[in-house]
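The next block holds one structure in the form of structure tokens; read it before the comments.
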Amino acid sequence: QVQLVESGGGLVQAGGSLRLSCAASGSIYSINAMGWYRQAPGKQRELVVVITSGGSTNYADSVKGRFTISGDNAKNTVYLQMNSLKPEDTAVYYCNGDMVSRSSLKAMDYWGTGSLVVVSS
């Protein structure tokens, strides 16, 4: 079984910073990519950023220059540093992993349970 466990959400004032963490654990054979999506109230889930195993990144235009993703391969963990937060960044942030488990040997999408980020104006 493969799991993604997130931490680091919370309440922050506009202009502030938060850091989210996401650790992958379990019977992992390989990780192709990990990233973050978010879903604001009444809106569809959207990509925030993804990082591949080779280190390539893809950021949503709305967070470029403010958010930074980084990873620790040894710990199967990714971090999302969020700076200059805006009220419109308020959402539940979901960690996503494109991973291969040892049991299936097939690439699948895995999701964390979500971390709530609230940015007050």
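The values are calculated or read from the model by the stated rules, or taken from the named source; none is laboratory data. Bear in mind that the values here come from a model prediction, so they are computed numbers and not experimental data. Positions of Cβ are backbone-derived with ideal geometry, glycine not excepted, and every protein chain shown enters the neighbour counts. To get the accessible areas, we keep the full protein, side chains included, count just its heavy atoms, and leave off ligands, DNA and RNA. Shrake-Rupley method; radii C 1.70, N 1.55, O 1.52, S 1.80 Å.
Residues in segment 24-47 that are closer than 16 Å to Tyr93 by Cβ, in a strand (DSSP E or B), open to solvent by less than 60 Å² (accessible area, probe 1.4 Å) and in contact with an Asp or Glu (Cβ under 8 Å, 6 or more places away or on another chain): Met34, Arg38. Can you go through Arg102, Arg45 and tell me which one is within 26 Å of Gly16 (Cβ to Cβ) and of a type in the set (Lys, Arg)? Going through Arg102, Arg45 in turn, the sole match is Arg45. When Gly15 is tested against (1) over 15 Å from the mean Cα position of the chain (by Cα); (2) in contact (Cβ under 8 Å) with a residue 60 or more places away in the chain; (3) closer than 25 Å to Met108 by Cα; (4) surrounded by fewer than 19 Cβ atoms within 10 Å (Cβ to Cβ), only condition (3) is not met. Listed by first and then second residue, the pairs linking a residue in segment 24-52 that is farther than 16 Å from Ala107 by Cα to a residue that is aliphatic (A, V, I, L, M) and not in a strand (DSSP E or B), with Cβ atoms under 7 Å apart and 6 or more places separating them unless they lie on different chains, are Glu46/Ala60; Leu47/Ala60; Val48/Ala60; Val48/Val63; Val49/Ala60; Val49/Val63. Looking across Arg45, Arg19, Arg38, Arg66, one residue alone is touching a Ser or Thr at 6+ places or on another chain (Cβ under 8 Å) and of a type in the set (Lys, Arg). It is Arg66.
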